[in-house]
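Peer 1: Take a look at this one; I'll ask things after.
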Amino acid sequence: MADVDPNDLDLILMCTSTPEDLFGGAPQVQRDLGCTKTPLAYDITAACSGFVLGLVSAACHIRGGGFRNVLVIGADGLSRFVDWSDRGTCILFGDAAGALLVQACDAEEDGLLSFDLHSDGEGGRHLSASIKDNETDDLLSSNGSLLDFPPKRSSYSCIQMNGKEVFRFAVRCVPQSIESALEKAGLTASSIDWLLLHQANQRIIDAVATRLEVPQEQVISNLANYGNTSAASIPLALDEAVRSGKVKPGHTIATAGFGAGLTWGSAIIRWG
């Protein structure tokens with residue numbers, strides 16, 4: 001859609017928490033795109049906040065590093081990490097991928113108007129997929145020597161989520177973050193053409209829209225079709241909105257990602 005050759009890429013950011021390789025997937029994407037000039041490629045692991053962090057990182061590389069074309073990918077396959085007997089999680093998550101090309105431009109054309117980013121490790125206990133304790137316990141004796149060899153192979157647990165706490169966190173922190181980003185941009189909520197949130201929960205989306213006084217007809221939502229696709233949800237919804245003609249060049253979009261970590265962040269962008 002951007003009419004850019006893969007060899008013109010300077011950077012590939014792979015925003016994912018479910019890479020095919022423990023060491024990351026971005027270099028493999030670079031390889032599969034046929035990039036012969038070997039642009040920098042690396043992963044960003046921040047689950048449902050990943051794409052917003054990738055978008056901001058792309059802008060920072062362009063503004064401070066002289067990069068011209070940055071490919072930001074949001075991709076997650078969370079269905080591999082859910083407990084299918086736990087309806088508190090298994091019915092919520094889907095698999096998807098989406099991408100956005102961020103390009104250098106003159107200062108007056110800069111489309112990233114502002115951003116606001118946060119994390120809170122204390123809240124990580126409410127949403128996680130950690131190494132299984134039973135795989136790592138009792139490997140070492142009291143003097144530090146290995147009790148069993150070879151050690152048991154480590155694996156990750158299924159997604160563990162306290163839905164009520166995540167909901168409380170999101171409806172409190174996401175509007176605050178967007179309001180902060182709007183203030184940095186010198187804008188008000190009435191300046192927003194579209195509100196595009198991470199597609200986690202329709203009640204969260206509705207609550208944030210109500211707090212910001214954004215009419216429902218200006219809220220982008222495709223959650224009912226795909227579920228929570230983590231880092232892919234924002235580019236997936238944005239792509240549909242652009243292709244359908246909803247989002248047009250010059251429109252102002254307030255977007256926010258939030259989730260595991262806990263991490264959250266927002267960005268005010270001007271499309272096109």
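The values are calculated or read from the model by the stated rules, or taken from the named source; none is laboratory data. If you're wondering where the values come from, they're calculated on a predicted model, not measured in any experiment. Neighbour counts are summed over all protein chains in view; Cβ atoms, including those assigned to glycine, are modelled from backbone coordinates with ideal geometry. Accessible surface is based on the protein model in full, side chains and every heavy atom, while ligands, DNA and RNA are left aside. Shrake-Rupley method; radii C 1.70, N 1.55, O 1.52, S 1.80 Å.
Peer 1: Within the set of pairs 6+ apart or on separate chains, which have a first residue in region 101-115 that is within 19 Å of residue 4 (Cα to Cα) and without any contact (Cβ under 8 Å) to a residue 60 or more places away in the chain, a second that is of a type in the set (Lys, Arg) and not in a loop (DSSP other than H, G, I, E, B), and C-beta atoms under 7 Å apart?
Peer 2: From residues that are within 19 Å of residue 4 (Cα to Cα) and without any contact (Cβ under 8 Å) to a residue 60 or more places away in the chain, there are no pairs.
Peer 1: Moving to a separate point now. Please determine whether any residue of region 214-228 is part of a helix (DSSP H, G or I), within 26 Å of residue 88 (Cβ to Cβ), open to solvent by less than 30 Å² (accessible area, probe 1.4 Å) and in contact with a helix residue (DSSP H, G or I) (Cβ under 7 Å, 6 or more places away or on another chain).
Peer 2: Yes: region 214-228 contains one or more residues that are part of a helix (DSSP H, G or I), within 26 Å of residue 88 (Cβ to Cβ), open to solvent by less than 30 Å² (accessible area, probe 1.4 Å) and in contact with a helix residue (DSSP H, G or I) (Cβ under 7 Å, 6 or more places away or on another chain).
Peer 1: Does residue 210 satisfy the condition of being more than 18 Å from residue 51 (Cβ to Cβ), of a type in the set (Ser, Thr, Tyr) and either open to solvent by 10 Å² or more (accessible area, probe 1.4 Å) or not assigned by the TED database to the domain that holds residue 81 (or both)?
Peer 2: It is true that residue 210 is more than 18 Å from residue 51 (Cβ to Cβ), of a type in the set (Ser, Thr, Tyr) and either open to solvent by 10 Å² or more (accessible area, probe 1.4 Å) or not assigned by the TED database to the domain that holds residue 81 (or both).
Peer 1: Hey, another quick one. Can you tell me which of 95, 76, 32, 86 is charged (D, E, K, R), more than 25 Å from residue 186 (Cβ to Cβ), surrounded by fewer than 21 Cβ atoms within 10 Å (Cβ to Cβ) and within 16 Å of the chain's Cα centre (by Cα)?
Peer 2: So the residue among 95, 76, 32, 86 that is charged (D, E, K, R), more than 25 Å from residue 186 (Cβ to Cβ), surrounded by fewer than 21 Cβ atoms within 10 Å (Cβ to Cβ) and within 16 Å of the chain's Cα centre (by Cα) is 95.
Peer 1: May I ask you to list pairs of residues, at least six apart or on different chains, whose Cβ atoms are under 6 Å apart, with the first in region 20-33 being under 17 Å from residue 50 (Cβ atoms) and assigned by the TED database to the domain that holds residue 51 and the second being open to solvent by less than 100 Å² (accessible area, probe 1.4 Å) and of a type in the set (Val, Ile, Thr)?
Peer 2: 26/12; 29/12
Peer 1: Within region 242-261, take every residue that is closer than 24 Å to residue 173 by Cβ and modelled with pLDDT of 95 or more and give me the one that is surrounded by the fewest Cβ atoms within 10 Å (Cβ to Cβ).
Peer 2: Applying the first criterion (closer than 24 Å to residue 173 by Cβ) to region 242-261 yields 252-261.
In the following step, the residues that additionally are modelled with pLDDT of 95 or more were identified as 252-258.
Details: 252: 17, 253: 22, 254: 29, 255: 25, 256: 26, 257: 32, 258: 28.
Here the residue is 252.
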